[in-house]
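Right, one structure below, let's go through it.
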Amino acid sequence: MIKYAASSIVVTMYSLMTRPMIMLPDSKMLSLLSTVHEHLAGKVTDAFLVGGLVRDILLGRPTADIDLAVAADARETASDLARTLNGKYVLLDEVNQVARVIVEVEGKRWQLDFSTIAESLEQDLARRDFTVNAMAIGLDALLGNPRSPEILDPFGGQRDLEKRTIRAVSDGAFSADPVRLLRAVRLAVELDFNIDEDTETLIWRDARLIKEVPGERVREEMLHLLAVPGGGKRLAYLDELGLLLELLPQLRVARGVEQPDIHCWDVFQHSLKTVEAVEYLLREGPWDYADERALSVVPWSEELARHFDREVNYGSTRRSLLKLAALLHDIAKPQTKTVEEGGRARFLGHASEGAEMVTPILERFRFSAREIRLVELMVKHHLRPMQMSQEGLPTRRAMYRYFRDTGDAGIDILFLNLADHLATRGTELTMKHWREHADLVRYILACHDEEEKLTLPPRLVDGHDVIDRFGIGPGPEVGEVLEAVREAQAAGEINTREEALAYIERWLASFPSRK
């Protein structure tokens with residue numbers, strides 16, 4: 001086990017100061033730090049850059065996250081700064097006095113996290129998570145000598161940076177703040193580091209504590225992990241460390257649930273592989289079971305890349321939420337499994353039931369209503385693309401219904417459907433069937449892009465026309481009539497107001513009870 005004596009830090013702290021040449025923060029960050037320094041002058045006796053910012057400066061990594069430890073009440077300090085910079089104040093931890101300021105400067109959003117130095121900087125660093133985050137630079141020191149400031153490094157963080165290792169500062173690091181269990185894996189993915197073996201043992205020991213972490217903090221770490229290319233592969237690592245099923249116990253029953261012969265993996269492994277397949281399709285990493293030919297037939301463009309890069313809510317993009325949907329898309333398969341007389345396994349209704357299960361899971365992690373709705377739609381309709389093309393290419397009417405039902409998740413679902421195919425066939429993927437599937441997606445995307453009227457046809461008639469012309473009273477029936485008109489219009493069956501009115505008359509006549 002990893003053990004350190006906090007009392008020894010006081011003796012060694014200043015002997016562990018170093019003055020290496022470092023990568024300068026960019027001019028925008030230096031400007032912001034100067035503004036912060038001016039604001040703190042006369043109010044705060046000491047302020048130190050700590051945590052991930054020092055690490056990233058040493059690694060030469062760009063960052064928009066600034067961590068500061070101050071010899072003052074961090075809540076008041078952050079609140080005052082938020083008012084000065086016209087930013088947003090967020091209280092992160094009332095008891096430990098940790099607060100955040102989110103501010104936009106010259107078109108760039110910055111996140112400044114303030115923590116309170118309760119007793120001494122030495123003890124503050126001793127309570128931090130990992131050695132690479134347990135270094136400090138005085139704000140005065142950085143601004144006074146930005147090329148070679150003194151770095152306080154009592155736990156060998158610079159050495160671990162050189163070794164590309166994530167190592168816990170103490171064996172109580174995770175019990176002190178269990179969100180660090182997830183952060184260890186996230187940092188390893190982001191930095192392409194390995195987790196120290198003793199630290200892995202600590203994670204396994206304390207994995208159950210992740211259930212105590214507030215949902216919004218879990219959300220933040222999960223989204224960080226899923227945002228990094230290659231994060232999908234690390235989901236299996238989360239499972240090895242005992243964390244994945246503590247986070248998502250609903251997946252526990254999926255392990256070992258066998259599927260029809262067309263599948264290479266059980267439901268649990270298939271779910272993890274689908275996330276990896278999504279990353280492959282989004283051009284974020286390799287797929288171990290296919291070569292470049294398989295990717296070359298999949299539609300891709302700068303417009304699609306921008307689509308998946310779009311922010312959905314703070315911290316989430318369509319990319320990260322698509323990966324989350326991939327992990328959860330078959331979550332209801334275990335409870336819906338039936339076996340026919342011939343031995344064939346069926347999972348009827350698993351998509352709809354899975355969508356219902358997604359809601360409480362994501363609500364627990366404090367995802368926004370928009371994020372939850374997007375993931376719900378992806379899970380609910382992940383089978384739709386192939387279902388609407390049983391006999392050749394889908395009709396315009398079928399595509400209209402698809403985009404009507406899937407809303408703004410339609411494009412995302414197409415890629416989830418492709419990833420599902422890859423994670424189903426695995427090593428048995430055949431280029432013939434794969435190319436047919438990719439061509440189907442290409443066709444649907446082309447129709448969607450070229451003909452906006454497929455999803456947003458111009459209005460030919462309105463509710464007043466239906467009520468006045470056909471004597472239907474106000475109510476849901478009017479909406480049904482207008483939807484029937486829109487569907488026929490999208491299918492190319494009607495194009496004018498006169499044709500729409502004639503269509504309504506025929507449509508109503510086909511339902512004698514509506515006359």
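The values are calculated or read from the model by the stated rules, or taken from the named source; none is laboratory data. These figures come from a predicted structure and were not determined experimentally. Cβ placement follows ideal geometry from the backbone for every residue including glycine, while neighbour counts extend to all protein chains displayed. Calculation scope for accessible area: heavy atoms of the full protein, side chains included, ligands and nucleic acids excluded. Shrake-Rupley method; radii C 1.70, N 1.55, O 1.52, S 1.80 Å.
The table below gives the values:
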{"read-out": "Relative contact order for the chain, counting Cα pairs under 8 Å that sit 6 or more residues apart, in percent", "value": "10 percent"}
{"read-out": "Solvent exposure of the stretch 237-365 as accessible area per residue, Å², 1.4 Å probe", "value": "43 Å²"}
{"read-out": "The stretch 79-151 - accessible surface per residue (Å², probe 1.4 Å)", "value": "45 Å²"}
{"read-out": "Neighbour cut-off at most 13 other Cβ (10 Å), DSSP loop, GluC sites (Glu not before Pro), the stretch 313-373", "value": "Glu340, Glu341"}
{"read-out": "Cβ charges +1 (Lys, Arg) and -1 (Asp, Glu), total dipole of the stretch 20-152, debye", "value": "420 debye"}
{"read-out": "Most positive-pole-ward Cα, Ser296, Phe48, Gln97, against dipole of the chain from beta carbon charges", "value": "Ser296"}
{"read-out": "The stretch 183-254-the stretch 353-393 distance, computed between alpha-carbon centres (Å)", "value": "23 Å"}
{"read-out": "Leu143-Tyr237 pseudo-label distance in nm [points 7 Å out on the Cα-to-Cβ vector]", "value": "3.8 nm"}
{"read-out": "Residues Thr359 and Ala509, FRET efficiency given R0 of 60 Å [Cβ-Cβ distance, rounded to 0.05]", "value": "0.90"}
{"read-out": "Rounded to the nearest 20 debye, dipole of the stretch 223-314 from Cβ charges on Lys, Arg, Asp, Glu", "value": "160 debye"}
{"read-out": "With DNA, RNA and ligands ignored, accessible area of Asp261 (1.4 Å probe; Å², nearest 10)", "value": "150 Å²"}
{"read-out": "Of all accessible heavy-atom area on the chain, the percent that carbon and sulfur account for (1.4 Å)", "value": "49 percent"}
{"read-out": "Loop-located chymotrypsin sites (Phe, Trp or Tyr not before Pro) in the stretch 181-247 whose Cβ has at most 12 other Cβ within 10 Å (DSSP)", "value": "none"}
{"read-out": "Extended-chain gain in nm, criterion 0.36 nm per residue less alpha-carbon gap, Asp408 and Arg346", "value": "19.4 nm"}
{"read-out": "Crossing angle, helix 215-227 versus the chain [Cα axis fit, 0-90 degrees, rounded to tens]", "value": "80 degrees"}
